[in-house]
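Engineer: Dropping the structure in here first, questions after.
Read-outs: derived from the displayed coordinates by stated rules, not from any lab. Every value quoted in this text rests on a predicted model; they were computed, and no experiment measured them. When we count neighbours, we look across all protein chains shown, and the Cβ atoms used for this are built from the backbone with ideal geometry, even at glycine.
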Amino acid sequence: MHLKKTLLFASLLAVSFSAVAATTADLRATGRILPGGCEVTLNGGAAVNLRTISAADLNPDPDAATRLAAVRVPFDITCLRPAIIATSWTDNHEAEGAYQPSAATFSLGQDAAGTPIGNLRITHGPTIPVSGGVSSTAKTLTSTDGIAWDFSIAGQIVKTGMIGYGVVGGPNIPAAFQTYGGELVLTPTIAPVNTLDMSSTLNIEASQTIELRYL
């Protein structure tokens, strides 16, 4: 069961059934509140400015997309004591769509005609520096259900699962660390010019929410 940030409460429901109808049922609830949580920090703030991009800088082939230069954003997750955590990501502009939509592509907004301007991919590599655990480097793991975990060679951020961190050389199971760090690599791609309304300025706007989960 995944426990979310700050107040951690797990409930277990136990109801007994038998062939004979009963007039009572037992309900049992258990939980825990951690004495200290974790905080995530994006160095330089949460806003990334891609600056003004000239139409002349887009792919000269109007039927081909343009991949812009990647932007690196340092991040830190600091816990009061070692904790097993994972992160999940939400695309706050999911309704506006993305060019070549997939679980790994985040929206960049729409043009005046309602066409997705492009997409944004986010990675942070196969390992990250950590402290407060059994090693100083953790490997990146990915899971869709928080139960089965696989090694993520690219550290690809997706919207349909979560990212956890395990001991390098150990099993693919999230481990406890006190600090986590590294760089998020943001790679924007602009859709082919022939698919966009270029009669006015295209305002690129991406927004994601990072949620810490305690495992």
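Engineer: Mind giving me the FRET efficiency for A55 and E211? R0 is 30 Å, r the Cβ-Cβ distance, nearest 0.05 is fine. Spell out each step's value before the answer.
Structural biologist: Details: r = 36 Å, r/R0 = 1.21.
It comes out at approximately 0.25.
Engineer: How big is region 98-155 by the Kirkwood estimate over distinct Cα pairs, in Å?
Structural biologist: The answer is 13.9 Å.
Engineer: Another question about this same structure. Average the reciprocal distances over every distinct pair of alpha-carbons in region 43-112, invert the result, and give the Kirkwood radius in Å.
Structural biologist: The answer is 15.8 Å.
Engineer: Tell me, how many Å apart are the Cα centres for region 112-137 and for region 56-99?
Structural biologist: Here the answer is 7 Å between Cα centres.
Engineer: How big is D for region 155-215, in µm² s⁻¹ as a whole number, if Stokes-Einstein is applied with the Kirkwood radius of its Cα pairs at 25 °C and 0.890 mPa s?
Structural biologist: My calculation gives 155 µm²/s for D.
Engineer: How much length, in nm to one decimal, is gained on full extension between S200 and R81, taken as 0.36 nm per residue of separation minus their Cα-Cα distance?
Structural biologist: Numbers: separation 119, 0.36 × 119 = 42.84 nm, distance 5.12 nm.
Computed gain between S200 and R81 is 37.7 nm.
Engineer: Send over the semi-axes of region 36-214's equivalent ellipsoid, whole angstrom and largest first, taken as the square roots of 5 times the C-alpha gyration tensor eigenvalues.
Structural biologist: Semi-axes (√(5λ), whole Å): 34, 15, 14.
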